[in-house]
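I have a structure here, written as structure tokens, and I will follow up with some questions on it.
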Amino acid sequence: MILELKNISYEIDGKVILDNINLKIEDRFVAVTGPNGSGKSTLAKIIMGLLTPTSGRIILDGEDITDLPINERADKGISFAFQQPVRFKGLRVGDLLKLAYKGEKKLSEACAILSEVGLCARDYQDRELNDTLSGGEMKRIEIAMTAARGTALSIFDEPEAGIDLWSFQSLIRVFEKLYRKTSGSIVIISHQERILAIADKIIYLKEGKVEKYGKGEEVLRFISNISSKPCSELTKNLD
């Protein structure tokens, strides 16, 4: 998978959020980080089609997808895990996982992935995706669903948000396993050093521009050198 962002800009109410972004993403695991308000989540939503850029083009494997709606981008192999997962009253966890697998596997096989995010399939497959589930539970279920799909491009917007420390340790293992098993690419919006450390490349955004893009260890050194503060403090996200 090769994703190219050409001269991508995004403005809202006269404020520039992204300013002439040019990127070529072709590695299997790319993390996007940066300080408050740098445009990380906005960039992810533009790739998925949740937002329309003010200017610029998005090219996926040589095809211009800038004007394609979300469902057509999904058909081309792009999936998105929200920072705040969407709740669906009446829809069960098992149903959602079956949809993720497109009915190609048995429910028992589809639910097996729940254990990888620290949830027991027996306890959760018949639960509804409603207010009875905590934010952390919803987050883990959505990560499991996105991992189950195994698309050409899986985008995770701050997967660590709203989960406890134990779940975070489990989350790291999920991404490590997903990296080993999937043939597609993973893009993660994060400020957690544990996640950044396992990325092939890191995109560091600042004030809507690409400040640095390169190999993971190279960008982590760059982040450490620009301040004496810990990396996680420099990249904390409030987009």
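Only the coordinates and a few stated rules stand behind these numbers; no lab work does. This structure is a prediction, so every number in the text was calculated from the model and none was measured. FYI the Cβ positions are ideal-geometry reconstructions off the backbone, even for glycines, and counts take in every protein chain you see.
Near the amide H of ILE186, under 5 Å away, which other amide H atoms are found, from residues 5 or more places off or on another chain, if H is placed in the peptide plane?
Those qualifying (amide H under 5 Å, at least 5 residues apart or on another chain) are PHE29, VAL30, SER154.
Which of LYS177/LYS209; LYS40/LYS89; LYS89/LYS201; LYS45/LYS212; LYS6/LYS215 have a Cα-Cα distance over 27 Å?
LYS177/LYS209; LYS40/LYS89; LYS89/LYS201
State the extension gain, in nm to one decimal, for the chain segment bounded by GLN169 and ASP123, taking 0.36 nm per residue of separation less the distance between their alpha-carbons.
So the chain would gain 14.4 nm between GLN169 and ASP123.
Tell me, in nm to one decimal, what length is gained between ASN7 and ASN22 on full extension, where the rule is 0.36 nm per residue of separation less the Cα-Cα distance? All intermediate terms of the calculation are to be shown ahead of the outcome.
Details: separation 15, 0.36 × 15 = 5.40 nm, distance 0.53 nm.
Stretched fully, the ASN7-ASN22 segment lengthens by 4.9 nm.
Something else now. Between GLU218 and ASP64, with labels modelled 7 Å along Cα→Cβ, what's the label distance in nm to one decimal, could you check?
Rounded to a tenth, the inter-label distance reads 3.1 nm.
Now for a different question. Express in whole angstrom the spacing between the alpha-carbon centres of segment 139-161 and segment 1-66.
Cα centres, segment 139-161 to segment 1-66: 19 Å.
Continuing with the same structure: Along Cα→Cβ, 7 Å out, is where each label goes; now give me the distance between the ones at LYS181 and LEU50 in nm to one decimal.
2.4
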